[in-house]
Amino acid sequence: MIEIDNADIFIKDFENVYRKKVFRIPFTTKEGERKTLLMCKCGKRWIALPYFSIAILENKITDRHTAPFKLFESEDGNIISTGKSHWEIRDTIGHSQYIYADKVVPMMKIDDKENLWDEFPSDIKRKIRRAYKYNIKVEYGTSKKFLNKFYKAYAQRMKEIGVMTIGKTLINRQLKTGKTTVFVATLDDKIIGGGTLRNIDGKIFENELFATIEKYNHCYTSYILHYSMMCFAKQEKASLYSFGRSTINSSVHNYKKHWRAKEYNIYWSYSKKHRNIRDKKIFYTIYRKIPYSISSLFSPILSKYIY
């Protein structure tokens, strides 16, 4: 779990973006330390924040009398709760016998050396240089202009690979918090890719959304985009750059291996047996065949049940 000392700003931003109330849940570690796990209720299930990768643990004690339930970590790392609450916790270790675990998050330290370029293997350097020779330009910002440019590439690519898109309205709320920045790659004024970079806690910056237009992948668009986001994160005094989660041994995961970043397995731990929509592979096959004009309408609504 990612630990922070005070979650007030994080909670405010999360509630503004996702329109869900955040609860501070008393959490006692196996060492006996009393801390606070940030959670929100989605339907009948309590989910640890944030949605995407790793839960947030606040290093302070919360009011145990007003909390809807309490969590306790056992010696073996499993978590038990008071009452009959149904919960989901995402972390780099498992916390129950009911686990979904086919995701991995590569993270690269970017504060070891003064010059970020020295962190990369020679093959990565070569591909970044090639991208510059193709005259790819990368811009970044937080305005709707950048959002619209990014979303054009993002929606197109996600439809091609059969993945639900996050709604543009939600991304715009993220931008308004000042913690998310949009990056857009262009070639001869054509949008060929983009990504979003989120400041998690001042030390960790994570690439949450990412897409490149396949037609231009020979120009090494993805390499110059990640490099640009890393440079931005380093400029903002970040310690770690997260490439975002990927399915283990997928083509995206194999690509990220080229950067030689340290990998962390992500475990979705549940308090009881849970049927996961990600296991329904036929769902993605069907989604690819739905016309974009139709899928773009319901994709942002359904995506919240997947991510």
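Can you compute the FRET efficiency between Glu75 and Glu3 using 1/(1 + (r/R0)^6), with r the Cβ-Cβ distance and R0 = 22 Å? Round to the nearest 0.05. Before the final figure, lay out the partial values.
Working: r = 20 Å, r/R0 = 0.92.
With a Förster radius of 22 Å, E is 0.65.
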In percent, what relative contact order does region 1-150 have, based on Cα pairs under 8 Å that are 6 or more apart in sequence?
18 percent
Residues other than Ser251 with Cβ under 15 Å of its Cβ, Lys/Arg counted +1 and Asp/Glu -1, net out at +2
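Given R₀ = 22 Å, FRET efficiency for Asp112-Asn249 by Cβ-Cβ distance, to 0.05? Don't skip to the answer; put the middle values down first.
On the way: r = 28 Å, r/R0 = 1.27.
About 0.20, to the nearest 0.05.
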Step through the table entries Lys145/Lys256; Lys60/Lys203; Lys21/Lys44, compare each Cα-Cα distance with 25 Å, and write down the pairs that go over it.
Lys145/Lys256
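Could you work out the relative contact order of region 80-232? I mean the mean sequence separation of Cα pairs under 8 Å and 6+ apart, divided by the number of residues, in percent.
About 23 percent, as a whole number.
At 0.36 nm per residue, and after removing the present C-alpha to C-alpha distance, how many nm does the segment from Tyr98 to Lys176 gain when stretched out fully?
In short, 24.4 nm is gained.
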So which lysines pass the test for Lys144, namely a Cα distance under 25 Å, with those fewer than 8 places away in the same chain ruled out?
Lys12, Lys20, Lys152, Lys159, Lys168, Lys176, Lys179, Lys190, Lys234, Lys304
Using Cα springs under 10 Å in a Gaussian network model of the chain, which residue among Arg90, Arg24, Arg34 shows the largest mean-square fluctuation?
Arg34
When the dipole is taken about the Cα centre of the chain, and only Lys, Arg (+1) and Asp, Glu (-1) are charged at their Cβ, what size is it in debye, to the nearest 20?
1260 debye
If one takes the longest principal axis of the Cα atoms in the chain, at what angle in degrees, from 0 to 90 and to the nearest 10, does the Cα axis of helix 292-302 lie?
30 degrees
If you count, for each residue, the other Cβ atoms within 10 Å and average over each peptide, how do 149-155, 99-105 line up from highest to lowest?
149-155, 99-105
Projected onto their principal axes, the Cα atoms of region 1-109 stretch, largest extent first, over whole-Å spans of 33, 31, 30
Ordering of 263-271, 71-79 by burial proxy (mean other Cβ atoms within 10 Å per residue, highest first)
263-271, 71-79
In nanometres, the difference between 0.36 nm per residue of separation and the alpha-carbon distance of Thr169 and Ser143 is 8.1 nm
Using 18 Å as the cut-off for backbone N distance, which residues of region 211-235 belong to the label zone defined by a point 7 Å from the Cα of Tyr132 along Cα→Cβ?
219-235
Hey, could you get me the Stokes-Einstein D for region 79-188, Kirkwood radius over alpha-carbon pairs, 4 °C and 1.567 mPa s, rounded to whole µm² s⁻¹?
70 µm²/s
Taking the chain and dividing mean pair separation by its residue count, relative contact order in percent (alpha carbons under 8 Å, at least six apart)
23 percent
Per DSSP helix of 4 or more residues, -39500 (n - 2.57); summed, then divided by the residues of the chain. What does that give at 222 nm, rounded to the nearest 500?
-9000 deg cm²/dmol
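Where a number appears in this text, it was derived from the coordinates with a stated rule and is not lab data. From a predicted model like this one, the values you see are computed outputs, not experimental measurements. For neighbour counting, all protein chains shown are included, and Cβ atoms are generated from backbone atoms with ideal geometry for every residue, glycine included.
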